[in-house]
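A.B. asks: Here you go, one structure.
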Amino acid sequence: MGKNFEVRHELPVEATPEEIWAAIATGPGIDSWFMGRNEVAPGRQGAVSTVFGGYAPTLPITAWEPGRRLAYAEPPDAEGRFVAYEFLIEARAGGSAVLRTVTSGFLPGDDWADEFEAMGLGLALFYGTLGEYLTWFRGRTARPVTVFGPAVADWPRAWAALHGALGLAHGPRPGDPVALTVDGAALTGTVYHVSAHALGVRTPDALLRFVRGFQGSMLAMHHLFTPTEPDPDAAWRSWLDRTFAA
């Protein structure tokens, strides 16, 4: 048993097709909103590669029309599992555009529903972050930071600890102000994404994402546009250790 799936998103943004293309079709652009480190070998015979912990897929490009359409997909594995990504850019008057994304594939096994739910939450976070990037940081590129925090045994308690560390007195909502201190530096920002598995915060120089990881720990999956710390990974690891100490 398994499930064929297709998930669609639409992002109207005040960005040109060229700016959108740079965000979705270059390694530094993808580094600024997706996950891990990314490289793009351009062209119809190229590929998109991602390294995120032990996950390191290389997906062959199946459509390459600069400023209009990009598609890439992984070949099905022995169980038939695969995922394919398509990005369609439609220019609009006044230098704006609409980016439509289609994520499709096949999930094998009897537990496909749980995986599909997690995937849907992840895609909402990634494409929500892409929208923030194209709205507030287009033309810039970020250093991705991926840090795994301590193991979490009680997720309601962990989320409450995170909300407290961010200065949120209640369940967060998009638009809520955030204040935190990392490695002695005070940061302020605004919540832009909330789900059962993730919280996204935009600051003047970063997109910060806190994510419930599959391995049972809280992840920092951030994008720093002007990293000031000599070792931001160490700074965020220390912050996670303090925030989620047992």
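The values are calculated or read from the model by the stated rules, or taken from the named source; none is laboratory data. Not measured: the values here are computed from a predicted model. Because the Cβ atoms are built from the backbone with ideal geometry, glycine has one as well, and the counts that use them run over all protein chains shown. In case anyone asks, the SASA skips ligands and DNA or RNA and just uses the protein heavy atoms, side chains included. Shrake-Rupley method; radii C 1.70, N 1.55, O 1.52, S 1.80 Å.
A.B. asks: Six or more apart or on different chains, Cβ atoms under 9 Å: show the pairs whose first residue is in the range 1-13 and touching a residue at least 60 places away in the same chain (Cβ under 8 Å) and whose second is open to solvent by 50 Å² or more (accessible area, probe 1.4 Å) and assigned to a loop (DSSP other than H, G, I, E, B).
C.D. replies: MET1/ASP110; GLY2/GLU79; GLY2/ARG81; GLY2/ASP110; PRO12/ARG92; VAL13/ARG138
A.B. asks: Residue pairs, Cβ under 9 Å, 6 or more apart or interchain, first in the range 144-171 and touching a residue at least 12 places away in the same chain (Cβ under 8 Å) and in a helix (DSSP H, G or I), second among the β-branched types (Val, Ile, Thr) and surrounded by 17 or more Cβ atoms within 10 Å (Cβ to Cβ). List them.
C.D. replies: ALA158/VAL152; ALA158/THR243; ALA161/THR243; LEU162/THR243; ALA165/THR243
A.B. asks: Quick one: which residue in ALA245, ALA235 is surrounded by 14 or more Cβ atoms within 10 Å (Cβ to Cβ), over 20 Å from LEU134 (Cα atoms) and among the small types (Gly, Ala, Ser)?
C.D. replies: ALA235
A.B. asks: On to the next question. I'd like to know if the range 96-116 contains one or more residues that are open to solvent by 20 Å² or more (accessible area, probe 1.4 Å), in a loop (DSSP other than H, G, I, E, B), touching a residue at least 40 places away in the same chain (Cβ under 8 Å) and on the phi < 0 side of the Ramachandran plot.
C.D. replies: There is at least one residue in the range 96-116 that is open to solvent by 20 Å² or more (accessible area, probe 1.4 Å), in a loop (DSSP other than H, G, I, E, B), touching a residue at least 40 places away in the same chain (Cβ under 8 Å) and on the phi < 0 side of the Ramachandran plot.
A.B. asks: Okay, next question. So which pairs qualify, if the first residue must be in the range 64-84 and among the small types (Gly, Ala, Ser), the second must be assigned to a loop (DSSP other than H, G, I, E, B) and open to solvent by 20 Å² or more (accessible area, probe 1.4 Å), the Cβ gap must be under 9 Å, and the two must be at least 6 apart or on different chains?
C.D. replies: Note: pairs meeting the criteria are GLY67/THR16; ALA84/GLU74.
A.B. asks: Go through SER96, SER49 for me and flag whichever is more than 29 Å from ALA220 (Cβ to Cβ), touching an Asp or Glu at 6+ places or on another chain (Cβ under 6 Å) and not aromatic (Phe, Trp, Tyr).
C.D. replies: Going through SER96, SER49 in turn, the sole match is SER96.
A.B. asks: Another question, then. Kindly provide the set of residues from the range 205-226 that are small (Gly, Ala, Ser), out of contact with any helix residue (DSSP H, G or I) (no Cβ under 8 Å at 6 or more places or on another chain) and at pLDDT 95 or above, ordered by number.
C.D. replies: Within the range 205-226, ALA206 is the sole residue that qualifies.
A.B. asks: Turning to a different aspect of this structure: Does PRO60 count as open to solvent by less than 60 Å² (accessible area, probe 1.4 Å) and more than 18 Å from the chain's Cα centre (by Cα)?
C.D. replies: yes
A.B. asks: Search the range 157-187 for residues being within 18 Å of ALA206 (Cα to Cα) and open to solvent by 60 Å² or more (accessible area, probe 1.4 Å), and hand back the single one that is farthest from the chain's Cα centre (by Cα).
C.D. replies: If we take residues in the range 157-187 being within 18 Å of ALA206 (Cα to Cα) and open to solvent by 60 Å² or more (accessible area, probe 1.4 Å), then GLY184 is farthest from the chain's Cα centre (by Cα).
Conditions (1) modelled with pLDDT under 95; (2) open to solvent by less than 30 Å² (accessible area, probe 1.4 Å); (3) part of a strand (DSSP E or B), marked per residue:
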site	(1), (2), (3)
THR141	no, no, no
VAL201	no, yes, yes
PRO230	yes, no, no
TRP239	no, yes, no
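A.B. asks: Let me ask another. Across the range 65-81, which residue is nearest to HIS223 (Cα to Cα) among those that are open to solvent by 60 Å² or more (accessible area, probe 1.4 Å) and of a type outside the set (Lys, Arg)?
C.D. replies: In this case the residue turns out to be PRO66.
A.B. asks: If I filter the range 16-57 down to residues being in a loop (DSSP other than H, G, I, E, B), small (Gly, Ala, Ser) and crowded, with 19+ Cβ neighbours inside 10 Å, which single residue comes out as farthest from the chain's Cα centre (by Cα)?
C.D. replies: ALA25
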